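K.L.:
Provided herewith is a single structure, encoded as structure tokens, for subsequent inquiry.
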Amino acid sequence: MADPSRTPTLTWYEGTRLERIAMPLGGIGTGTISIGGRGQLRDFELVNQPAKGFTPADCLLGLRTRDADGRVDCRLLEGPIPRNEYEGVFGSTTANAGLPRFARARCGCAYPFAQVELEDPSVPLDVRLEAWNPLVPGDAEASGWPVAGLRVVLHNPGPGAIQASLLATHRHWLGGDGTPRIETRRSGELAGLVFSREGATETARELGTLCVAMVGPAESREGWLPGRWQRGRQQLWRQFVDEGRLEPDAEDEPEVGALCQRATVEPGATLALSLILAWRFPNRRVYRAGPPPDPRPAHVGNHYCERFADAWEAALRFSEEAPALEERTRRFVAALTESDIPGELVEAALANVSTLRSTTVFRLPSGELWGYEGSGDAGGCCPGSCTHVWNYELATPYLFAELARSMRTVELRDATDVDGLQSFRVDLPLGTPSNGLAAADGQLGSLVRLYREWRLCGDDEWLRGVWPAARRSLSFCWLPGSWDADGDGVMEGCQHNTMDCEYYGPHPQIQGWYLAALRATAEMARHLGDGELADRCERLRSKGAAWMDANLWNGEYYEQEIRPLRPEDIRPGLRSDMGASDPMHPALQLGTGCLIDQLVGEWLARLSGLDRLHDPDHVRATLASILRYNRREGFGDHWNPMRVYALGDETALLMASYPRGEMPAEPFTYHSEVMTGFEYVVASHCLLEGMAEEGLRIVRDVRARYDGERRNPFDEAECGHHYVRAMASWAGILAWTGFGWDAVQQTFAVAESPRPASWFWSNGSAWGTVCQRPESSGSVSVALTVEEGSLPIACLRVGDRLHSLDERRTLLPGETLEIDLPARSPR
């Protein structure tokens, strides 16, 4: 068993800050159960769709203690119910509200670890409930277990031995047809209950199995007494209180199953009892984003279900591999939380990685990652791995590069047509027509992300395989009626985009994406020997950048030049029903506003290892303008007719401001809103430009809004819960450390630190730490360590110092490369 004292913790929550905590427990694409701030299990989202608020009664953990004098105490392993949950038509609607519980609780989290400390004067033990699920960078399978790991840690501070009994009960909530069944299974040290429906329809969405298991000897009960007035609940709980054990009854019916484990905690001793919740629900249904051809499969399945025959197999195999998986996960989280990266950046990055393991994403049976934009309360929000939203997230490529490449492959193989139009939503099953609507920012951003994924992996064969579609995708810009039909390097056409409208005329956000895509495509084309395309891209980028600075720069920031279009001049597939109804008099434009996202192309280009796109003085001035004009301290007098993500005394960055007083009569859709993903873009861009305090302040402002009392720290919403764009928070790690990895040139890069520093790094297939120690002489000692994966390296860049190794070498796990960089020569 792992040492509980080593559980990484970034943030402690107490009092009212416990109320909204719901940390998802589950693997990539498996569904989740969440652990609440007071220790309760909540939001059982396992059956291939969101299920916010679904917390079945009688799914609980209970603890009974008996001291040497015979005093017995029995209560839930949960803290007190908050007062705002007291009321309901029949009293409190909180699950298991009528059972005794601990008087006090506090919760410490560093995703994917949570620990809830429980205190009560009647309980003679110190009690802690721990929860986790494996998360290992570079290993999607190790990070894809359909399980929640739980551990109850008991410490006896007193002089006498304490008899302890741990109870786990679970209601048979699985729906569908067939006969409910609860079955006891045992293998080695594992004892579990498996919940299923015998004779269920094989294609039913609800088909599946769920397992509750304990590690070590445990008694089981495969049902409870039937009857009215909670007969079964009363009899089971009284039996547990009186005897601290389970005794099956001949009348039991498979409505609620229970496990019980007994142990003695000696004076001064600490004991840990481990539980596993596991599941398998294979029948994921298709979401049809485009026109439905006929015939068509009704479901697509799940990758994780290809690995396990049922929930029991998942639990059994997990019990065998859990020690190693937990140790790997602890090392990763500790390397990040114990580094010299500011805590607010680490917290924001880690907390939002939980989105990658929420119901927002899943993996197809063949392994590709597919996602919504976010999750509703009972269904996905905005399907199809929306390119203009996934543009922003940086957790997947730098933690699971293989999954990021699978998304680029799907975008180019399955969503890009013969003319190069890329549907910004990918329909399922793969290979069927998608929505046929292109988003300018999504399509261009996909090319930048393709460049990034290629540089991270160095796989020329993979790049060549998708290159014809990538080439078509960029060339689409120059077709008649498209975005840059006259080929002058300026985006002038009808530009659908992430604001769910179309921009008409040159716009800094979309123009920036275009410049980034031109630069990325030029680099890839030149590498593949396509010099003609590379030269054209560079010419257009140079012209477009000069035009943007000359025409959209207003002295403080970049603004839009609105240009009406005749409908007949707009190429099919570019105009949606969400934007302006009359392109000749286009509504929903930015105009002279100061947009939060106007530098996004430059931001992603720099993080991806590409050179600057804009005048650096203009970039810094623009960031300063966004901070000056878009930052609000207090929203009590802010008018916002749309969705509301900031209220009261909170501080946030608005999507747009109009400091020059020329707001269009009907500005673009979300101008008055606040969205965390865009705030993280500005924050990390500030870090890139040396505006460290400004960037950190933005992140602190965001996380203050997600403090456990106001909102869930593990659910930054936009269009739905667990919104993908919020994973832009990982950019804070990259920007602070200056991390870059070029597998093509085998060059590892970090920023130069003015003081001794230890930083975490991850390139999506390997991870480790890099330490710097500047010397008074001006030299720098660097130690680069690989913890997992392998790193073939030829060059090390620290700031502007480049060191080439005498010969290339590959660092394996546990190996360190130590280099002393000499002082710079006087100029």
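K.L.:
Rounded, prolate or oblate: which fits the range 283-420, taking a ≥ b ≥ c as square roots of the Cα gyration tensor eigenvalues, rounded meaning a/c under 1.5, else prolate when a/b beats b/c?
P.N.:
oblate
K.L.:
Could you give the angle, 0 to 90 degrees to the nearest 10, between helix 231-243's Cα long axis and the longest principal axis of the Cα atoms of the chain?
P.N.:
That helix lies at roughly 70 degrees to the long axis.
K.L.:
About the Cα centre of the chain, how large is the charge dipole given +1 on each Lys and Arg Cβ and -1 on each Asp and Glu Cβ? Please answer in debye to the nearest 20.
P.N.:
Charge dipole of the chain: 560 debye, to the nearest 20.
K.L.:
Another question, if that's okay. Could you calculate the FRET efficiency of A704 with E251 from 1/(1 + (r/R0)^6), where r is the beta carbon distance between them and R0 is 56 Å, rounded to 0.05?
P.N.:
Details: r = 54 Å, r/R0 = 0.97.
The value I calculate is 0.55.
K.L.:
Assign one of three labels to the range 139-276, namely rounded, prolate or oblate, based on the Cα gyration tensor with a ≥ b ≥ c the square roots of its eigenvalues; rounded applies when a/c is under 1.5, prolate when it is not and a/b is larger than b/c, and oblate otherwise.
P.N.:
oblate
K.L.:
Tell me the label-point distance for the pair S779, T9, using the 7 Å Cα-to-Cβ offset, in nm and rounded to one decimal.
P.N.:
Placing both labels 7 Å beyond Cα along the Cβ direction yields 4.3 nm.
K.L.:
Using the Cα centre of the chain as origin and beta-carbon charges of +1 (Lys, Arg) and -1 (Asp, Glu), tell me which of S581, L627, A51 is placed farthest towards the positive end of the dipole.
P.N.:
Looking along the dipole axis, the top candidate is A51.
K.L.:
Right, here's the next one. What translational diffusion coefficient, to the nearest whole µm²/s, does the range 167-237 have by Stokes-Einstein, given a Kirkwood radius computed over alpha-carbon pairs, a temperature of 4 °C and 1.567 mPa s viscosity?
P.N.:
Translational diffusion coefficient: 96 µm²/s.
K.L.:
Same structure, new question: Taking GluC sites (Glu not before Pro) as candidate sites, keep only those in a DSSP loop with at most 10 other Cβ atoms within 10 Å, then name the longest stretch of the chain containing none of them.
P.N.:
Between the exposed loop sites, the longest stretch runs 203-661.
K.L.:
Please state the charge dipole magnitude for the range 700-756, taken about the Cα centre, from unit charges on C-beta atoms (+1 on K and R, -1 on D and E), reported in debye and rounded to the nearest 20.
P.N.:
Numbers: 7 positive and 8 negative charges, 30 e Å.
For this selection, approximately 140 debye.
K.L.:
Any idea what angle helix 460-475 forms with the longest principal axis of the chain, computed on alpha-carbon atoms, 0 to 90 degrees, nearest 10?
P.N.:
60 degrees
K.L.:
If I fit a long axis through the Cα atoms of helix 676-688 and take the longest principal axis of the Cα atoms of the chain, what angle between them do I get, 0 to 90°, rounded to 10?
P.N.:
The helix 676-688 is inclined about 60 degrees to the chain.
K.L.:
Past the 34 angstrom mark, what percentage of all C-alpha to C-alpha distances in the chain do you count?
P.N.:
53 percent
K.L.:
So for the chain, taking the charge dipole from beta-carbon charges (+1 Lys/Arg, -1 Asp/Glu), which of A534, G178, N554 sits furthest toward the positive end?
P.N.:
In the chain, that residue is G178.
K.L.:
Starting at the first residue of the range 409-416, write each ³J(HN,Hα) from the Karplus equation 6.51 cos²θ - 1.76 cosθ + 1.60 with θ = phi - 60°, in whole Hz, x for Gly and Pro.
P.N.:
4, 5, 4, 8, 7, 10, 10, 10
K.L.:
Given N residues in the range 63-120, what is its alpha carbon radius of gyration divided by 2.2 N^0.38 Å?
P.N.:
1.39
K.L.:
Going by the alpha-carbon gyration tensor, a ≥ b ≥ c the square roots of its eigenvalues, is the range 60-166 rounded (a/c under 1.5) or, if a/c is not under 1.5, prolate (a/b greater than b/c) versus oblate?
P.N.:
Here the range 60-166 falls in the oblate category.
K.L.:
Of the heavy-atom accessible surface of the chain (probe 1.4 angstrom), what whole percent is carbon and sulfur? The partial results should precede the final answer.
P.N.:
On the way: 14030 of 29450 Å².
For the chain, the apolar C and S fraction of the accessible surface comes to 48 percent.
K.L.:
Another question, then. Which value, in debye to the nearest 20, gives the size of the charge dipole of the range 454-586 about its Cα centre, when Lys and Arg are +1 and Asp and Glu are -1 at the Cβ?
P.N.:
That gives a dipole near 320 debye.
K.L.:
While we're here: When the chain is fully extended, how far beyond the present Cα-Cα distance does E306 get from F90, taking 0.36 nm per residue of separation? If you can, show how the numbers build up before the last one.
P.N.:
Values: separation 216, 0.36 × 216 = 77.76 nm, distance 4.38 nm.
So the extension gain works out to 73.4 nm.
K.L.:
Additional query: Please identify which residues in the range 356-386 have an amide N closer than 16 Å to a label point set 7 Å out from the Cα of W462, following the Cα→Cβ vector.
P.N.:
Taking a point 7 Å out along Cα→Cβ of W462, the residues of the range 356-386 whose backbone N falls under 16 Å are 367-370.
K.L.:
For T201 and S825, what does the FRET efficiency come to when R0 = 51 Å and r is the distance between their Cβ atoms, rounded to the nearest 0.05? Intermediate values should be presented prior to the final figure.
P.N.:
Details: r = 76 Å, r/R0 = 1.49.
Efficiency, from the Cβ-Cβ distance: 0.10.
K.L.:
What is the set of long-range amide H partners of A652 at a cut-off below 5 Å, with H atoms built 1.01 Å from backbone N?
P.N.:
Those qualifying (amide H under 5 Å, at least 5 residues apart or on another chain) are R632, G634.
K.L.:
Could you state the number of Å between the C-alpha centres of the range 200-214 and the range 503-559?
P.N.:
If we compute the Cα centre of each part, the gap is 52 Å.
K.L.:
How much area per residue is accessible in the chain when the probe is 1.4 Å and only protein heavy atoms are counted (Å²)?
P.N.:
Details: 29450 Å² over 827 residues.
I get 36 Å² per residue for this part.
K.L.:
Near the amide H of G301, under 5 Å away, which other amide H atoms are found, from residues 5 or more places off or on another chain, if H is placed in the peptide plane?
P.N.:
R284
K.L.:
Quick one: 3J(HN,Hα) in Hz for the range 178-195, Karplus 6.51/-1.76/1.60 with θ = phi - 60°, rounded, Gly and Pro as x.
P.N.:
Taking θ as phi minus 60°, the curve returns x, 9, x, 9, 10, 10, 7, 10, 9, 7, x, 8, 9, 10, x, 10, 10, 9 Hz for the range 178-195.
K.L.:
Still on this structure: Per residue of the chain, what 222 nm ellipticity follows from adding -39500 (n - 2.57) for every DSSP H run with n ≥ 4, rounded to the nearest 500?
P.N.:
-8000 deg cm²/dmol, from helical runs alone.
K.L.:
If each residue of separation counts as 0.36 nm, what is the full-extension length gain between M584 and D800 once their alpha-carbon separation is subtracted? Show your work: numbers first, answer last.
P.N.:
Values: separation 216, 0.36 × 216 = 77.76 nm, distance 4.99 nm.
Full extension of this stretch gives 72.8 nm more.
K.L.:
Further, regarding this structure: How much length, in nm to one decimal, is gained on full extension between Q745 and E266, taken as 0.36 nm per residue of separation minus their Cα-Cα distance?
P.N.:
Once the chain is fully extended between Q745 and E266, it gains 166.5 nm.
The values are calculated or read from the model by the stated rules, or taken from the named source; none is laboratory data. None of the values given here were measured: they were computed from a predicted structure. Don't worry about glycine lacking a Cβ; one is built from the backbone with ideal geometry, like all the others, and counts go over all protein chains shown. With ligands, DNA and RNA removed, areas are computed over all heavy atoms of the protein, side chains included. Shrake-Rupley method; radii C 1.70, N 1.55, O 1.52, S 1.80 Å.
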